[in-house]
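Worksheet: the structure to be examined is printed underneath.
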Amino acid sequence: MAVRPEEQLPPAEDLGVQVVPMRRRHLRSVLQIEAQVYPRPWTLGLFLSELNLHAARSYFVARAEGRVVGYGGLMFSLEDAHITTLAVDPRWQRRKLGQRLMVVLAREAVRRGAKNLTLEVRVSNGPAQGLYRRFGLAPAGIRKGYYVESGEDAIVMWAHGIDDEAYSDRLRRLWADIPGPTLVEHPR
Ligand SMILES: CC(C)(COP(=O)(O)OP(=O)(O)OC[C@H]1O[C@@H](n2cnc3c(N)ncnc32)[C@H](O)[C@@H]1OP(=O)(O)O)[C@@H](O)C(=O)NCCC(=O)NCCS
């Protein structure tokens, strides 16, 4: 399919977004996005091994106009759900795709019994930190030199009590803030 320049992409309310569990057939597109947004992209082998760990992982992709435009994943450990990755194709950013994926990930975390949500984010990544703050994730510490390719520090963020009704209300508000319909398919 030909790639359209950004200015021809439809507005957020007309995207017809689907969020579905990540499958092997999505990985070609996922890797293309990965290479554009991360200085040290995950490999095919790493994604495949993550997808094989069904009992302790949940990965989703966002699709629009028949293509994969973003993805995100969770790793479960006792009561904690750890966001392992979140990315949106640069041409499709600022259309609430990251927010859609985050709502789906947070709901999935609650569905699978997690009480806390956590992640690491680069100290320089203001856009992602802005998105995460909306989800109640607050800075709790610094991991020095966490990103080996650049030596950059990571901020560790946590949201506690995600199984509370107040957090579900927050997710409902964030979902209501997203323009247009989004179809969500949950893992079986
Ligand atoms: C972070 C990322 C996933 C956000 O995806 P996105 O679909 O563009 O984000 P959304 O449109 O859902 O934005 C939701 C909110 O996040 C914040 N935000 C997102 N991108 C932003 C930017 N470039 N500048 C400032 N705020 C931003 C805003 O608060 C925004 O709300 P608004 O549009 O009402 O202002 C995307 O920028 C990305 O893939 N970045 C590269 C990979 C990455 O850094 N991933 C996170 C690793 S921890």
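Throughout, read-outs are computed from the coordinates displayed, never taken from laboratory work. Predicted model, so just to flag it, every value in this text is computed and none were measured. When we count neighbours, we look across all protein chains shown, and the Cβ atoms used for this are built from the backbone with ideal geometry, even at glycine.
Tell me, how many Å apart are the Cα centres for region 64-82 and for region 95-171?
12
Stokes-Einstein diffusion coefficient for region 104-159 at 10 °C in a medium of 1.306 mPa s, Rh from the Kirkwood formula over Cα pairs: what value in µm²/s?
Numbers: Rh = 11.9 Å.
Here the translational diffusion coefficient equals 133 µm²/s.
From a point 7 Å beyond the Cα of ALA56 in the direction of its Cβ, which residues of region 76-118 have a backbone N at a distance under 15 Å?
Hits in region 76-118 for ALA56 at 15 Å: 76-84.
Rounded to two decimals, what is Rg over Rh for the chain when you use alpha-carbon atoms and the Kirkwood radius? Could you put the intermediate results ahead of the total?
Values: Rg = 15.9 Å, Rh = 16.9 Å.
Computed over Cα atoms, the ratio is 0.94.
Can you figure out the FRET efficiency of ALA140 with ARG28, using R₀ = 41 Å and their beta-carbon distance, to the nearest 0.05? Numbers along the way, then the final one.
Numbers: r = 36 Å, r/R0 = 0.88.
Taking R0 as 41 Å, the efficiency between ALA140 and ARG28 is 0.70.
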